[in-house]
């Protein structure tokens with residue numbers, strides 16, 4: 001379907017916020033939902049979901065672990081483990097959509113931000 005937005009939330013916080021964003025969005029949207037017990041990764045007091053926007057969940061300079069959906073929690077865990085070994089691993093997360101998202105300015109060094 002042309003111009004469909006596909007959203008893959010990582011936890012209940014993002015699912016609730018994405019549901020509200022979908023209700024306000026003008027266009028077709030598909031949201032992939034999680035099953036089973038999924039840990040809450042995002043803080044609802046500080047996280048704000050926006051369709052088409054990337055979020056930097058953890059900043060660092062050595063590597064980046066790009067994630068979406070359920071794997072976001074695991075990416076944050078991997079980043080913490082790498083940090084223990086002196087490797088800074090940034091964790092940007094974005095929902096999938098058919099249009100280009102805006103990457104956080106600090107991650108534009110990844111080079112693929114405009115096409116991923």
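Nothing in this text is a laboratory measurement; each read-out follows from the coordinates by a stated rule. Not measured: the values here are computed from a predicted model. All Cβ positions, even for glycine, are placed from backbone atoms using ideal geometry, and neighbour counts span all protein chains on display.
Over the Cα atoms of the stretch 1-70, each weighted equally, I'd like the Debye log10 I(q)/I(0) at q = 0.15, 0.16, 0.17 Å⁻¹, rounded to two decimals.
-0.54, -0.61, -0.68
If each residue's Cβ is checked for other Cβ atoms within 10 Å, how do 53, 84 rank with the fewest at the top?
By the 10 Å Cβ count, ascending, the order reads 84, 53.
Where does each of 26-39, 4-17 land if you order them by average Cβ count within 10 Å, highest first?
The packing order, highest mean first, is 4-17, 26-39.
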